[in-house]
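Below: the structure, in structure tokens.
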Amino acid sequence: MKYYVSVDMEGIAGVVLREQLLRGEPLYEEARRLLTLEANAVTEALLEAGASRVVVKDAHGSGFNFIPELLHPGAEYVMGATRVERRFPGIDSTFDGVLLIGYHAMGGTMEAVRDHTMTSQGWQSLRLNGRPIGEIGLDALWFGMYGVPVVFVSGDDKTCKEAQAELPGVATYATKTATGRHAALLKAPQRVRAELKEAVAAAVRQPVKPAPLRLPGPYELTIRFLHTEQADARRFDGERAVRTDGVTGVYRGDDLIELLAMAF
């Protein structure tokens, strides 16, 4: 068995504040340790369940948040900035499943910890073919292009609810109960890591896995920016990329990855 693990930071146990998420902030070093240990717990669970290969991607911000010296030796790691069109290096159709760890709810979700879609500094929300979508759905579609299903998602309770709505049959685990953008009812990180191992093991041992998420084109990607100046800085050709109001851009085409690259 081969598994790809994408790890974000907002949904990690113990993380609720902006200051924990940004390099240079006083609480960041503690948060990246929590991130690394939680990723290790998932890796250990997969290996104990019989995985022959585990690839773990640092999917938060700069892509360099794990503490290398503390990483579990049984996995391979994708770290550093990756272009949108190569968001998940190493993925191919031979993987049995994907786990999205420490993810967050889409931008605009009420009482979710650090809700956003792709960027908390540039986009309010995103719609694909008229439907709201967040990083869970986008990443699941990405992996679905390779025929690989998302089998497990962890994050706050709003994240888990979104995953269950977007990915029928997916297993989830809530690391916290969100009560606001920077507030939550927390479980102790040590407890979360122990429970997460059990939840991951149960998910990958299920005889029936969720189906890969697929959505045939053509696509219409609608982005609502935070400010007009962010839209001002984009190039709109009036055909494939159209600005419909001060803060909204619409991108159209047959290749979803190409559209995302255009949007960024």
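Hey, among the residues in the range 188-208 that are basic (Lys, Arg) and surrounded by fewer than 17 Cβ atoms within 10 Å (Cβ to Cβ), which one's nearest to Leu46 (Cα to Cα)? Checking each candidate, the answer is Arg205.
Going through (1) surrounded by fewer than 17 Cβ atoms within 10 Å (Cβ to Cβ); (2) free of Cβ contacts under 8 Å to residues at least 40 places away in the same chain one by one, Asp92 falls short only on (2). When the range 235-264 is examined, which residues are found to be without any contact (Cβ under 8 Å) to a residue 24 or more places away in the chain, open to solvent by 70 Å² or more (accessible area, probe 1.4 Å) and either closer than 19 Å to Pro216 by Cβ or among the hydrophobic types (A, V, I, L, M, F, W, C) (or both)? Matches in the range 235-264: Arg240 only.
Of the residues making up the range 1-56, those that are open to solvent by less than 40 Å² (accessible area, probe 1.4 Å), of a type in the set (Ser, Thr, Tyr) and not in a strand (DSSP E or B) are Tyr28, Thr36, Thr43.
A Cβ distance below 7 Å, combined with a sequence gap of six or more or placement on separate chains, defines the contacts here; from the range 113-135, residues that are in contact (Cβ under 8 Å) with a residue 40 or more places away in the chain reach residues that are among the acidic types (Asp, Glu) and surrounded by fewer than 22 Cβ atoms within 10 Å (Cβ to Cβ) in the pairs Asn129/Glu220.
Which residues, taken from the range 75-88, are closer than 10 Å to Lys57 by Cα, assigned to a loop (DSSP other than H, G, I, E, B) and open to solvent by 30 Å² or more (accessible area, probe 1.4 Å)? Correct list: Met79, Arg87. I want to confirm something. Restricting to the range 163-174 and keeping residues that are crowded, with 18+ Cβ neighbours inside 10 Å and not aromatic (Phe, Trp, Tyr), which single residue is nearest to Ile133 (Cα to Cα)? Among residues in the range 163-174 that are crowded, with 18+ Cβ neighbours inside 10 Å and not aromatic (Phe, Trp, Tyr), the one nearest to Ile133 (Cα to Cα) is Glu166. Checking the condition over 30 Å from Arg252 (Cα atoms), in contact with a helix residue (DSSP H, G or I) (Cβ under 7 Å, 6 or more places away or on another chain) and of a type outside the set (Lys, Arg), which residue from Ala201, Ala194, Ala163 passes? Answer to the check: Ala201.
The residues on offer are Thr222, Thr177, Thr228, Thr159, and the sole one that is in contact with a strand residue (DSSP E or B) (Cβ under 8 Å, 6 or more places away or on another chain), open to solvent by 40 Å² or more (accessible area, probe 1.4 Å) and of a type in the set (Ser, Thr, Tyr) is Thr177.
The values are calculated or read from the model by the stated rules, or taken from the named source; none is laboratory data. Keep in mind that what you see is a predicted model, and the values were worked out from it rather than measured. Don't worry about glycine lacking a Cβ; one is built from the backbone with ideal geometry, like all the others, and counts go over all protein chains shown. The protein model used for the area step is the full one, side chains on, heavy atoms only, and it has no ligands, DNA or RNA in it. Shrake-Rupley method; radii C 1.70, N 1.55, O 1.52, S 1.80 Å.
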